[in-house]
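Colleague: Here it is, the structure, as structure tokens.
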Amino acid sequence: MPHDHHDHDHLSPSGHPYRKDNDGALSYWQTMEVAIRELMVEKGELTPAQIQAQIDAMDARSPANGAAVVARAWTDPEFKARLLANGSDAAREMGFDIGPMHLVAVENTEDTHNLIVCTLCSCYPRNLLGLPPDWYKTREYRSRAVREPRAVLREFGVDLPADVTLRVHDSTADMRYIVLPARPAGTENLDATALAKLVTRDSMIGTGLPKGA
Amino acid sequence: MDDPEHRWHDMGGDAAGPVPMDGHDFAIWEKRVDALVILGQQRGHFTVDGLRRALEDMGEAAFNEMTYYERWVASLNQNLIEAGVYSLEELGAKMEEVKARGDTYGAVQS
Amino acid sequence: MTLPVGASVRIKTMSPLGHIRTPKYLRGKTGVVERVLGPFNNPEQLAYMVPATPRTLYRVRFEMGHIWPDAEAPQDTLDAEIYEHWIDQDAP
């Protein structure tokens, strides 16, 4: 099984166990996946190497990529202006392969907080941040983030002051969104590498704040 | 059936409980489904809109009872069948062949 | 004609059965064009692999207090992407 090296790792890169359906009884849907993959290879549609390369490309995408973009924007005003004008070009400028994704960056300030959701499915800036967390895809988040966003934020531990305007962004079409969080106070002496460590995944979706904020 | 004026997947504003915070990392078979969906689009067989259309048409029960990538592989199949990449006869025969190889996902890899 | 940023727009109330990208909770609601995103192929055609027509896509901003009369913070906003053919040009 040359393509199955992941199966032998008991822990994922994050230290969490893989979902147990890796080892359980073969399911109908797993059988279908194997069959589709083999049919596509047999018909010359894809090669096993292409499939593995696509998996590796997705695995290489993570919130760290977004954190690097945010930290650069915090330290480079001209880059920040370019990021807010065209998120896709700014991410590509930093060397991130985001494919055809149209990225819009929305900025948190002293008086504005932004929150990202996709109510119709679960669109997510996956080509920059990697695959979304499970909660982002739940009925609970998708339903309530546009109806009672401040209550949802409180569940994530973010209690937004009444004088801060909350802007919720529903990714209904071709755009994908990333929040540019506000730079935490007291970080003036940190460089971009140190700043990036403060930027959490949730702070780029709007359900969290950077560490130290 | 699903209310045609307010379909099940169009859930913005619906009442719902607390956001479940537990997560998991993706199994290799899930990552492969993800990869096949991206590559199937790159091959020009369908669009992300077609993926979503099939997911929506699978209905609310599928959303409630199947995992995310179970739904994705079902939608992938729907779109590839519609595109004529393979036939149901070929899929059925291949699935039987795969099942005969073993009882676990790891055991049936060729 | 492309609508300018700041234009007041009302979202159509129609509910054709099929793959559409205008959420129910925004239909019939009034918002303001926040930015013009440009032409994008119509997902209502892309979903069925039929030839797709470019349609202008807008980001429209709505006030939460308008969408939800009991909103906790009515001045908060909701932005969504809306294709031109979902904007009711005859609305006052």
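The values are calculated or read from the model by the stated rules, or taken from the named source; none is laboratory data. Keep in mind that what you see is a predicted model, and the values were worked out from it rather than measured. No Cβ is skipped: glycine too gets one built from the backbone with ideal geometry, and neighbour counts run over all protein chains shown. Just the protein is used for accessible areas: all its heavy atoms, side chains included, with ligands, DNA and RNA removed. Shrake-Rupley method; radii C 1.70, N 1.55, O 1.52, S 1.80 Å.
Colleague: Return the long-range amide H neighbours of A:H102 (sequence gap of 5 or more, or a different chain), with a cut-off of under 5 Å between placed amide H atoms.
Modeller: Counting only residues 5 or more places away or on other chains, the set is A:R176.
Colleague: Output the residues of region C:39-62 meeting this criterion: accessible area (heavy atoms, 1.4 Å probe) in the chain alone minus accessible area with all protein chains in place is 30 Å² or greater.
Modeller: The answer is C:F40, C:L46, C:A47, C:M49, C:R59, C:R61 - residues whose exposure falls by at least 30 Å² when every protein chain is included.
Colleague: Which whole number gives the average, over all residues in B:66-73, of C-beta atoms from other chains lying within 10 Å of the residue C-beta?
Modeller: Counting other chains' Cβ atoms within 10 Å and averaging over B:66-73 gives 4.
Colleague: Calculate, for region A:21-86, the solvent-accessible area per residue in square angstrom, rolling a 1.4 angstrom probe over the heavy atoms of the protein chains.
Modeller: Result: 42 Å² per residue.
Colleague: As a test of the definition: with a 1.4 Å probe, what buried accessible area, both sides summed, do you compute for B against A, in Å² to the nearest 100?
Modeller: 6000 Å²
Colleague: Starting at the first residue of region A:55-60, write each ³J(HN,Hα) from the Karplus equation 6.51 cos²θ - 1.76 cosθ + 1.60 with θ = phi - 60°, in whole Hz, x for Gly and Pro.
Modeller: Karplus values, whole Hz, x for Gly and Pro: 4, 5, 5, 5, 4, 6.
Colleague: Also: Within 10 Å of each Cβ of C:81-89, how many other protein chain Cβ atoms are there on average?
Modeller: 2
Colleague: Using 1/(1 + (r/R0)^6) with R0 = 25 angstrom and r between the beta carbons of A:R92 and A:A49, what's the FRET efficiency to the nearest 0.05?
Modeller: For A:R92 and A:A49, the calculated efficiency is 0.50.
Colleague: To continue, here is another question. Would you compute, from DSSP H runs of 4+ residues alone, the mean residue ellipticity of chain C at 222 nm, taking -39500 (n - 2.57) per run and dividing by the full residue count, rounded to the nearest 500?
Modeller: -1000 deg cm²/dmol
Colleague: Sticking with this structure for a sec: Rank B:A35, B:A93, B:A74 by mean-square fluctuation in a GNM of chain B with C-alpha springs under 10 angstrom and give only the top-ranked residue.
Modeller: In this elastic network of chain B, the residue with the biggest mean-square fluctuation among B:A35, B:A93, B:A74 is B:A93.
Colleague: Straight-line reach from C:K29: which aspartates and glutamates have a Cα under 13 Å away, not including same-chain ones fewer than 8 places off?
Modeller: Within the straight-line cut-off, C:K29 pairs with C:E63, C:D79, C:D88.
Colleague: Hey, any idea what % of the protein assembly as shown's accessible area is carbon plus sulfur with a 1.4 Å probe?
Modeller: In the protein assembly as shown, the share of accessible area belonging to carbon and sulfur is 53 percent.
Colleague: Which entries of A:K137/A:K197; B:K31/C:K12; A:K137/B:K99 show an alpha-carbon separation above 29 angstrom in the structure shown?
Modeller: In this structure, B:K31/C:K12; A:K137/B:K99 exceed 29 Å between Cα atoms.
Colleague: Mind grabbing the interface size between A and C? I mean buried accessible area, both sides, 1.4 Å probe, in Å² to the nearest hundred.
Modeller: 2100 Å²
Colleague: If I take R0 = 22 Å and measure r between the Cβ atoms of B:V48 and A:S27 in this structure, what FRET efficiency does the formula 1/(1 + (r/R0)^6) give, to the nearest 0.05?
Modeller: Efficiency, from the Cβ-Cβ distance: 0.30.
Colleague: Could I ask something else about it? Non-local amide H neighbours of C:R55 (under 5 Å, H modeled in plane, Pro and chain starts lacking H): which ones?
Modeller: C:F40, C:N41, C:N42
Colleague: Can I ask one more? Averaged per residue, what accessible surface does chain C expose to a 1.4 Å probe, in Å²?
Modeller: Spelled out: the 1.4 Å probe surface of chain C, per residue, equals 46 Å².
Colleague: Please list 3J(HN,Hα) in residue order for region C:37-50, calculated via the Karplus relation 6.51 cos²θ - 1.76 cosθ + 1.60 where θ = phi - 60°; whole Hz, with x for glycine and proline.
Modeller: 8, x, x, 9, 4, 5, x, 5, 9, 4, 5, 10, 6, 9
Colleague: To the nearest whole number, what is the average tally of beta carbon atoms from other chains within 10 Å of the beta carbons of peptide B:30-43?
Modeller: If you average over the peptide's residues, the count of other-chain Cβ atoms is 6.
Colleague: Give me the percent of Cα-Cα pairs in the protein assembly as shown that sit more than 41 Å apart, rounded to a whole number.
Modeller: 16 percent
Colleague: Solvent-accessible area of A:D163, probe 1.4 Å, all protein chains present, reported in Å² to the nearest ten, please.
Modeller: Solvent-accessible area, nearest 10 Å²: 130 Å².
Colleague: Which far-off residues, 5 or more places away or on another chain, put their amide H under 5 Å from the one on A:N114, with H placed in the peptide plane?
Modeller: Answer set, sorted by chain and number: A:R167.
Colleague: Using +1 on the beta carbon of Lys and Arg, -1 on that of Asp and Glu, and nothing else charged, what's the dipole of the protein assembly as shown about the Cα centre, debye to 20?
Modeller: Magnitude of the dipole: close to 680 debye.
Colleague: Continuing with this model, one more query. Are there any chymotrypsin sites (Phe, Trp or Tyr not before Pro) in region B:39-110 that are in a DSSP loop and have at most 10 other Cβ atoms within 10 Å? List them by number.
Modeller: Qualifying residues, ordered by number: none.
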